[in-house]
Amino acid sequence: MTEIELIKLYSENIKRLRLSKKLTQERLAERAGITSAYISEIENQKKIGKFETIASIAAALDVEPYELFLLVGAMPSYNGKRTKALMNRLRNNFNDLVDTIEEFLAE
């Protein structure tokens with residue numbers, strides 16, 4: 001997956017999750033402690049936000065931050081040993097992912 005595809009996936013997941021929870025951009029922004037304009041820019045792939053923003057949006061949507069980067073239907077089960085190892089790797093590598101995306105957007 002390219003960085004552009006990852007950003008698109010992230011943006012689409014935020015919008016999909018927001019709509020599934022029947023939240024407006026304004027209500028999500030209020031819950032996340034950011035502006036609705038910023039939510040709009042994220043959903044339209046113009047911004048991604050720093051780690052703190054990603055974490056705030058995830059918390060406002062009642063999901064883990066890494067879930068914003070998963071393909072639809074790819075939410076893993078927590079039952080297996082392999083899944084637990086994957087979840088630990090995702091958590092450990094999340095900061096690297098955010099740094100890469102921020103560097104890409106800064107170009």
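The values are calculated or read from the model by the stated rules, or taken from the named source; none is laboratory data. Only a predicted model underlies this, so the values are computations on that prediction, with no experimental measurement involved. All Cβ positions, glycine included, derive from the backbone under ideal geometry; neighbour counts span all protein chains shown.
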Review point. Among the numbered criteria (1) at pLDDT below 80; (2) part of a loop (DSSP other than H, G, I, E, B); (3) not acidic (Asp, Glu), which single criterion is violated by residue 71?
Key: (1)
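Mind telling me which of the residues 52, 26 ends up being charged (D, E, K, R), under 13 Å from the mean Cα position of the chain (by Cα), surrounded by fewer than 15 Cβ atoms within 10 Å (Cβ to Cβ) and assigned to a helix (DSSP H, G or I)? Working first, answer last.
Working: 26 fails: under 13 Å from the mean Cα position of the chain (by Cα).
Of the residues listed, the single one that is charged (D, E, K, R), under 13 Å from the mean Cα position of the chain (by Cα), surrounded by fewer than 15 Cβ atoms within 10 Å (Cβ to Cβ) and assigned to a helix (DSSP H, G or I) is 52.
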